[in-house]
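So the structure is just underneath, and the comments pick up after that.
The values are calculated or read from the model by the stated rules, or taken from the named source; none is laboratory data. Just so it is clear, the model here is predicted, and its values are computed rather than measured. Positions of Cβ are generated from backbone atoms using ideal geometry, with glycine treated the same way; all protein chains shown enter the neighbour counts.
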Amino acid sequence: MKASLIRSFGGPDVFEYTDVARPEPGSGELLVKVAACGINRYDLYLRMGAVFTDMAMPHVMGVDVSGTVAAVGADVKGWQTGERVIVAPGYPHDPGDWGMVPENHAPSFEVTGTHSWGGNAEYIRVPARFVLKDETDFSVTDVAAMPLVLMTAVHAVETLGEVKAGHAVLVQAGASGSGHCCVQMAKALGARVAATVGSDEKMDMVKAAGADLVINYKRQSFADVVLDWTDGAGVDVVIDNVGASVFEDNLRALRVAGIFVNFGLVGGMEAKLNIRDLFFRQHQLRGSFMGSLDELRRGWKLFAQGEIKAHVDRTYPLKDVAEAHRYIESRAVQGKVVLIP
Ligand SMILES: NC(=O)c1ccc[n+]([C@@H]2O[C@H](COP(=O)([O-])OP(=O)(O)OC[C@H]3O[C@@H](n4cnc5c(N)ncnc54)[C@H](OP(=O)(O)O)[C@@H]3O)[C@@H](O)[C@H]2O)c1
């Protein structure tokens, strides 16, 4: 089969589009024929060697797979070849952890395509218990845009952010793959949503996702605008995937006893926390990593019902994955970029 693999860490040029052996499904596994594979910022970090450096090389990454069952391994029941499926974007890799719920608390939980081969190929082999039926009739590109960001949005916004109807919520990087989904998730829960963007070109897309207020943080202080918008009180919840560069302003924009959820670090990893403000203002700081299968299923239901929609900016043939990574790195991307094998 064809795959885009890496033999070393580095810039986008490390990808090599080549032939590799097609995997066979082992006992308890399914072989999925990949129809489309969404790219996440995570893939860029993985390719750079910024997440793990202990993967066996060559390595095939790729988290978000939509496709069909191509072959059913021994001891697997309830699956037919040809069925439309998605692969869970993260799951515990040690079978000893398979009983753990929520799955993202298991020690061996990891993003799909990290140590095992992912979806930047024509086929992927996955334990059947981490494959979900896709009963939507959306395009395979829309479907491949969603698993990781949906799982993340349910966990960060609903579970950890505790967003409720009537809350005021700030979502950072509203046009990013994950931010766009979080804006829609907060709206689905009945919140008023403010979101940030880094250029005016991204504003319409974020408004169309339901944001009530979109702030170009390069032109205005987002914290000042959000404080104005909430009559000086601050928002109930901040959903942040940017990290250090906006940390202090995020907390400035958060009300007393508000909840801050972080799940990303495009703007840096190390931030300064004023401990006195932390307890005087009773801020609840929460870290979010992926989510559980149950959260993915809840998100998938909202997607199937049309309450949360995919926004695919561009697709690229799998052989052009380097170009796709460069486009995401350029920060011009709105929503998701999807590869077609
Ligand atoms: N923990 C989890 O479960 C989880 C899940 C999903 C994503 N994430 C993390 O969330 C972050 C975003 O991921 P994504 O896939 O949504 O990203 P993405 O689609 O590539 O979007 C990232 C956007 O962040 C904005 N940004 C702000 N400051 C930036 C900076 N200093 N450098 C680069 N971009 C900056 C840019 O938009 P503007 O130019 O408009 O500001 C950029 O387009 C990443 O750190 C990712 O690892 C974590």
Some residue of region 239-248 being assigned to a helix (DSSP H, G or I) and among the hydroxyl-bearing types (Ser, Thr, Tyr): yes
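Wholly within region 97-205, which strands (runs of 3 or more DSSP E) include no fewer than the required count, namely at least 3 residues that are without any contact (Cβ under 8 Å) to a residue 60 or more places away in the chain and more than 11 Å from the ligand (Cβ to nearest atom)?
192-197
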The number of residues in region 329-341 that are away from the ligand (no atom under 16 Å from the Cβ) and in a strand (DSSP E or B) is 1
If I filter region 293-309 for residues that are in the same structural domain as GLU158 (by TED's automatic domain parsing), of a type in the set (Lys, Arg) and more than 20 Å from ALA191 (Cα to Cα), do I get at least one hit? no
Exception for VAL226 within (1) in a helix (DSSP H, G or I); (2) under 29 Å from GLY90 (Cα atoms); (3) aliphatic (A, V, I, L, M) falls at (2)
Of the conditions (1) closer than 28 Å to ALA310 by Cβ; (2) free of Cβ contacts under 8 Å to residues at least 60 places away in the same chain; (3) near the ligand (Cβ under 10 Å from one of its atoms); (4) in contact with an Asp or Glu (Cβ under 9 Å, 6 or more places away or on another chain), the single one that VAL246 does not satisfy is (2)
Tell me whether region 74-82 contains one or more residues that are surrounded by 15 or more Cβ atoms within 10 Å (Cβ to Cβ), farther than 14 Å from MET151 by Cβ and in contact (Cβ under 8 Å) with a residue 40 or more places away in the chain. yes
A careful count of residues in region 299-319 that are crowded, with 18+ Cβ neighbours inside 10 Å and assigned to a helix (DSSP H, G or I) gives 5
A careful count of residues in region 283-298 that are within 14 Å of the ligand (Cβ to nearest atom) and either modelled with pLDDT under 95 or part of a strand (DSSP E or B) (or both) gives 2
Check your understanding: Quick one: would you say VAL63 is more than 13 Å from the ligand (Cβ to nearest atom) and in contact (Cβ under 8 Å) with a residue 12 or more places away in the chain?
Key -> no
Open item on the list: Looking at the structure I just gave you, is ARG326 within 15 Å of the ligand (Cβ to nearest atom), in contact with a Pro (Cβ under 6 Å, 6 or more places away or on another chain) and among the charged types (D, E, K, R)?
Closed with: yes
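Is at least one residue of region 186-198 among the hydroxyl-bearing types (Ser, Thr, Tyr), in contact with a Ser or Thr (Cβ under 9 Å, 6 or more places away or on another chain) and farther than 22 Å from GLY299 by Cβ?
There is no residue in region 186-198 that is among the hydroxyl-bearing types (Ser, Thr, Tyr), in contact with a Ser or Thr (Cβ under 9 Å, 6 or more places away or on another chain) and farther than 22 Å from GLY299 by Cβ.
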